[in-house]
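The values are calculated or read from the model by the stated rules, or taken from the named source; none is laboratory data. Treat the numbers as computed from the prediction; the structure is a model and nothing was measured. Counting neighbours? That spans all protein chains shown, and the Cβs are built from the backbone with ideal geometry, glycine included. Heads up: the accessible areas ignore ligands, DNA and RNA and are worked out on the full protein's heavy atoms, side chains in. Shrake-Rupley method; radii C 1.70, N 1.55, O 1.52, S 1.80 Å.
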Amino acid sequence: MVDKAVAVLASLATTSEGRTAIGQEGGIPLLVEVVELGSARGKANATAALLQLCTNSSRFCIMVLQEGAVPPLVALSRSGTQRAKEKV
């Protein structure tokens with residue numbers, strides 16, 4: 001169920017309204033947690049969503065950094081799926 005929810009968030013993150021909702025409704029900590037502890041598919045989708053958030057908003061990028069996303073993203077860049085590595 002978590003993988004499906006994160007897939008929806010990754011899809012929402014491709015739109016301005018979706019990114020705003022994710023950032024304002026507390027989705028960033030959830031996405032960072034999935035990057036740390038989720039399945040391979042969940043990690044790839046969470047990383048894709050975080051990439052969209054950071055690419056399109058410096059404010060959301062700061063929030064991602066404050067949530068401690070860098071260490072799990074670095075680990076994912078070394079041991080994740082090819083899709084996840086590309087998104088990191």
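Working out 0.36 nm times the residue gap between S11 and E36, then minus their Cα-Cα distance, what length gain in nm do you get to one decimal? Intermediate values should be presented prior to the final figure.
Details: separation 25, 0.36 × 25 = 9.00 nm, distance 1.98 nm.
Result: 7.0 nm gained on full extension.
Rounded to the nearest whole Å², what accessible area per residue is found for the chain with the 1.4 Å probe?
Details: 5040 Å² over 88 residues.
Result: 57 Å² per residue.
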Per the rule of 0.36 nm per residue minus the C-alpha distance, extending T20 to S79 adds in nm 18.2 nm
Tell me which of T81, V32, A48 sits at the most positive position along the dipole axis of the chain, charges placed on C-beta atoms (Lys, Arg +1; Asp, Glu -1).
T81
Using only C-alpha atoms and all pairs of different ones, pull out the Kirkwood radius for segment 1-79 in Å with one decimal.
12.0 Å
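Of R19, R78, R59, which has the most accessible area with a 1.4 Å probe, and how do the rest follow in descending order?
On the way: R19 35, R78 180, R59 130 Å².
So the residues, ranked largest to smallest area, are R78, R59, R19.
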When the chain is treated as a GNM, springs tying every alpha-carbon pair under 10 Å, which of G18, G38, G26 comes out with the largest mean-square fluctuation?
G26
Whole-Å distance, taken between Cα centres, linking segment 1-26 and segment 46-73
13 Å
